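Worksheet: the structure to be examined is printed underneath.
Just so it is clear, none of the values below were taken in a lab; they were calculated from the coordinates. Computed from a prediction, not measured in an experiment: that's the story for all the values here. Glycine gets a Cβ as well: all are built from the backbone with ideal geometry, and neighbour counts include every protein chain shown.
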Amino acid sequence: MKYCLMFWMSMMSMFLMAQVTVCPGEIWPDDRGQHINAHGGGILCHNGRYYWFGEHKSDDTSAALVGITCYSSDNLSDWHYEGVALPVTDVPGDDLERGCTMERPKVIYNARTGKFVMWLHLELKGKGYSAARYAVAVADCPAGPYRYLRSGRVNAGIKPLDMEGDMAALDTLDAWKDAEWWTPQWRKAVKDGLFMRRDFADGQMARDQTVFVDVDGRAYHIYSSEENLTLQIAELTADYTAHSGRFIRVAAGGQNEAPAIFRYDGTYWLITSGCTGWAPNKARLFSAPSIWGPWQQHPNPCRGKDADITFGGQGTFVLPVGDTFVFMADIWRPKHPSDARYVWLPITFEDGMPVIHWHDEWNLDTKKARNE
Ligand code: GAL
């Protein structure tokens, strides 16, 4: 009897340990008692441990004064501060010079090379958002330290796979380069590839971004390009550290930022935001039968109070956990950047479509297996 009770008590505690309570929008202390400082981030699960990478934000500036931070956890609730995975430098003119902008880092693991590869959006110090570059770094251990490889624009001199017409046809768009923005003719030119053509020789702009490893091991870089007017999806090389040259344009002229992608039941789902800087706006939802499209837009997936402003947040990542997909978003605090909050909410499916309901508090079961 005694042993039976002990057995059930240990079974119960195993069950309870798999459940964590998530409180969206609240202060989230790490193992030092400090609010987690990993904004615009993403999470990698490696050998059963979760690694959360994000932007370190200071109290009074959004510029990078520290670098990309890393936290680790076994249960997604209690986070151990691992330190700065990719630090800024004090070298004048360096890509990562303190005061640059390092945003939306994501790390993926390459099973072939055994390396961890970090991608982020980089803006050079003192140049606002004009550089519009990706940056990439690699490490031997998930928490780093990461070795900086390079930054740049994407796929210079290469046409997207889905671009119809030859270069001569695209060249006619050049005439619209300095035209007045937002006129119907200008919008059409944007859709047809005006800024893709403008940046063809030097490479495509890359701002808000994520990276995604598909079930076949191929990885993709998904980023706001073409003056934040058009998303692009670019395949990475087999070692995940460069672009392969194959890419497409998504929602041309649709002004999407903050891409977060997941795959469920053979369908690719992409949640994005509009372009209103730090101010929240209505989330957008897209789906496609293949990473290469065709991508189709659906209504806002958020439901309930403040659903039209993504509950005050802007998406950053979708984390598959157990049988749940967790939508991760940031409530930005531009006047006090380090106080920005995390919104984690479960994605559920209604009539075959992903939806996100607000919860003041909810339980995440990290152990329940997904049936796909
Ligand atoms: C947002 C973007 C953020 C940051 C910000 C700067 O739209 O998603 O990552 O770049 O603009 O204003």
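Some observations on this one:
- Shape call, the stretch 260-347: gyration tensor on alpha carbons, a/c limit 1.5: prolate
- Other-chain or far-sequence residues with amide H under 5 Å of His46's (modelled H): Tyr51
- Rh (Kirkwood; distinct C-alpha pairs) - the stretch 309-372, Å: 12.9 Å
- Relative contact order of the stretch 177-331, taken over Cα pairs closer than 8 Å and 6 or more residues apart, is 14 percent.
- Against the rule of thumb 2.2 N^0.38 Å, how large the Cα Rg of the chain comes out: 1.00
- Full-extension gain in nm, Thr61 to Asp239, via 0.36 nm per residue minus C-alpha separation: 60.6 nm
- Shown for the stretch 144-291 is the translational diffusion coefficient from the Stokes-Einstein equation, using the Kirkwood radius over Cα pairs, a temperature of 25 °C and a viscosity of 0.890 mPa s: 152 µm²/s.
- In nm, spacing of pseudo-spin labels at Ala169 and Arg187 (7 Å Cα→C-beta vector): 2.2 nm
- Convex hull volume of the Cα atoms of the stretch 104-191, normalised per residue: 160 Å³.
- ³J(HN,Hα) computed for each position of the stretch 99-113 - Karplus, 6.51 cos²θ - 1.76 cosθ + 1.60, integer Hz, glycine/proline x: x, 6, 10, 10, 10, 6, x, 9, 10, 10, 9, 9, 5, 5, 8
- Karplus-derived HN-Hα couplings along the stretch 211-223 (A = 6.51, B = -1.76, C = 1.60, θ = phi - 60°), whole Hz, x at Gly and Pro: 10, 9, 9, 7, 4, 8, x, 7, 10, 9, 9, 10, 8
- Fluctuation leader among Asp90, Asp78, Asp208 - the chain, Gaussian network, Cα springs under 10 angstrom: Asp90
- Helix axis angle, 2-17 relative to the chain longest principal axis, alpha carbon, degrees: 20 degrees
- Sequence-distant residues sharing a close amide H with Trp79 (under 5 Å, placed H): Asp31
- All alpha carbon pair distances within the stretch 167-236 were sorted into 5 Å bins beginning at 0; the resulting P(r) in whole percents reads 4, 16, 23, 20, 15, 10, 7, 4, 1.
- For the stretch 64-141 versus the stretch 229-306, the inter-centroid distance based on Cα atoms is 21 Å.
- Mean ellipticity per residue at 222 nm, deg cm²/dmol - from DSSP H runs of n ≥ 4 across the chain, formula -39500 (n - 2.57): -2500 deg cm²/dmol
- Under 5 Å from the amide H of Arg133 lie the amide H atoms of Leu122, Ala206, each residue being 5 or more positions distant or on a separate chain, with H modelled from the backbone and absent for Pro and chain starts.
- Whole-Hz couplings from phi, Karplus 6.51/-1.76/1.60, listed for the stretch 282-290; x for Gly and Pro: 6, 5, 10, 10, 10, 9, 7, x, 8
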